[in-house]
Amino acid sequence: MEKYYLSLGVWRCLKKQNNYFMRRIFFIALCFACLASFSSSAQTPKNWLDTKGHVINAHGAGVLYYNGTYYLFGEIKKGNTWRVPNQDWEDYRVPAGGVSCYSSKDFQHWKYEGVALSPVKGQPDGDLDTGRVIERPKVIYNAKTRKFVMWMHVDKKDYSYSQAGVAVSDSPVGPYKYIRSVKPNGNMARDMTVFKDDDGKAYLVFSSDNNNTMDICLLSDDYLSPTKTHVPTLVNRRREAPAVFKSNGKYYLISSSCTGWSPNAATYAVADKMLGTWKEYGNPCTGPGADSTFSAQSTYVQWIKGKGFLFMADIWNKTDLEKSTYIWLPLKVTNGGVMINNPVK
Ligand code: DGJ
């Protein structure tokens, strides 16, 4: 605001002096300043470094806010990318690298806290083997058990296993102890997120039924097991990459379409209760790049104190997954509708 008043003052002063040349120069400088300030507010950490200057490796990420600190968890993607043969979709893979953890007080400076959940070498039948798939980890805190609970998608390299894995820790940063994986109520589980409501109830939200349906399943009180209470939603809509948030008592679910690692248009759905009924609306993204979610795929929506909602998404580099980056954008809820705009054109 101060900057705005200062600019207006300089502009009036130049006008008074009838200095057209300086006014033109000042106008151009002002345009550049506006662009710069928009891009910093857009928070698009393309080449994003931690507090030690290392590239942040946390893909398909989720956030836990606990005791005044934000904890970021994500897939560690490291090593050569290869394509699984005989698959009719974009089955590009890197070794499963486990789950990383970073912490931050301001959501800008991230300290590397280490590997929260380690993969395992040489156990091809185990869920955490480096030859398997560990994706989209999300962590919530259980106030009753005082445990931190991590849910994630675990799979075989051809995605035929489709299970939800769960791990637990006494500390937010880990190490997390892997418990087991399940098919909730017998249903396939791929892309997922967890959502903890204000009443302490938590839900696993996952692409099910071969990605045809999004299932929403109430977790047990200790958050370690799915319950029988679940609703298939967005049936036959083929959505993945779910990101759930709550605003003014309503629940919002942003998701992508299923096009492997290639970006597509997001949609959002709204409900009065987590267990539905959900109504799907159009694309929350607006402006250039909206049709491809700005070349990215949703992973999480986080409320940042004093700033508002932030939409977090992955810019996948499918042929070199380690080089995948991120885009974080302000998200607004206006009259019940969701809007995400990328101010950096
Ligand atoms: C899209 C999913 O959202 C990603 O997490 C990953 O599973 C890729 N598909 C694999 O192609």
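The values are calculated or read from the model by the stated rules, or taken from the named source; none is laboratory data. These numbers come from a predicted model, not from an experiment. Here the Cβ is made from the backbone with ideal geometry for all residues, glycine too, and neighbour counts use every protein chain on show. What goes into the accessible areas is simple: the full protein's heavy atoms, side chains included, and nothing from ligands, DNA or RNA. Shrake-Rupley method; radii C 1.70, N 1.55, O 1.52, S 1.80 Å.
Tell me, what is the 1.4 Å probe accessible area of TRP261, in Å² to the nearest 10?
Counting only protein heavy atoms, TRP261 exposes about 20 Å² to solvent.
Using just the C-alpha positions of segment 47-179 as equal point scatterers, what log10 of I(q)/I(0) does the Debye formula give at each q in 0.15, 0.16, 0.20, 0.22 1/Å?
Cα-only, vacuum Debye calculation for segment 47-179: -0.71, -0.80, -1.14, -1.30.
Which percent of the accessible area of the chain is formed by carbon and sulfur heavy atoms (probe 1.4 angstrom)?
Numbers: 8990 of 16620 Å².
Carbon plus sulfur share of accessible area: 54 percent.
Of TYR326, TYR66, ASN341, whose Cα points farthest to the positive end of the dipole of the chain (charges on the beta-carbon: +1 Lys, Arg; -1 Asp, Glu; origin at the Cα centre)?
Positive-most Cα among the choices belongs to ASN341.
Grab the beta carbon distance between ASP320 and ASP291, set R0 = 25 Å, and tell me the FRET efficiency rounded to 0.05.
Approximately 0.55, to the nearest 0.05.
Using a probe radius of 1.4 Å on heavy atoms only, what accessible surface per residue do you get for the chain? Whole Å² is fine.
48
For the charge dipole of segment 38-341, defined by +1 on Lys and Arg C-beta atoms and -1 on Asp and Glu C-beta atoms about the Cα centroid, which residue among THR145, ILE315, LEU49 has the Cα displaced farthest towards the positive pole?
The listed residue farthest towards the positive side: THR145.
Please report the relative contact order for the chain, taking Cα pairs under 8 Å with a sequence separation of at least 6, and give it as a percent rounded to a whole number.
Relative contact order, the chain: 13 percent.
Mind listing the long-range amide H neighbours of TYR161? Cut-off is under 5 Å, sequence gap 5 or more, other chains count too, H placed in the peptide plane at 1.01 Å from N.
LYS156
Multiplying the sequence separation of LYS183 and ASN335 by 0.36 nm and subtracting their Cα-Cα distance, what value in nm do you get?
51.0 nm
Give me the accessible area of CYS285, 1.4 Å probe, in Å² rounded to the nearest 10.
We get 10 Å² for CYS285.
What ranking of VAL235, VAL173 comes out by heavy-atom accessible area, probe 1.4 Å, highest first?
Numbers: VAL235 85, VAL173 35 Å².
Listed by decreasing accessible area, they come as VAL235, VAL173.
For segment 236-244, just list the computed ³J(HN,Hα) in residue order, Karplus coefficients 6.51, -1.76 and 1.60, θ = phi - 60°, integers in Hz, with x standing in for Gly and Pro.
6, 8, 6, 10, 9, 6, x, 9, 10
Given segment 131-221, what whole percent of its Cα pairs are spread farther than 19 Å?
36
For ASP199, what accessible surface area do you get with a 1.4 Å probe? Give it in Å², rounded to 10.
Per-residue accessible area (ASP199): approximately 100 Å².
Give a residue-ordered list of calculated ³J(HN,Hα) values for segment 280-289 (Karplus: 6.51 cos²θ - 1.76 cosθ + 1.60, θ = phi - 60°; whole Hz; x for Gly, Pro).
Going residue by residue, I get 8, 10, x, 7, x, 7, 10, x, x, x Hz, with x marking Gly and Pro.
If one computes the Cα centroid of segment 285-336 and of segment 104-143, what distance in Å separates the two points?
If you average the Cα positions of each part, the centres end up 21 Å apart.
Considering the dipole of the chain built from charges on the beta carbon (Lys and Arg +1, Asp and Glu -1) around the Cα centre, which of CYS285, TYR223, GLY79 is farthest to its positive end?
Projecting each Cα onto the dipole axis, the largest value belongs to CYS285.
If you wrap a convex hull around the alpha carbons of the chain, what volume per residue comes out, as a whole number of Å³?
Dividing the Cα hull volume of the chain by its residue count gives 153 Å³.
Report the extension gain between ASP170 and LYS228 in nm, rounded to one decimal, defined as 0.36 nm multiplied by the number of residues separating them, less their alpha carbon distance.
Gain in length upon complete extension: 18.2 nm.
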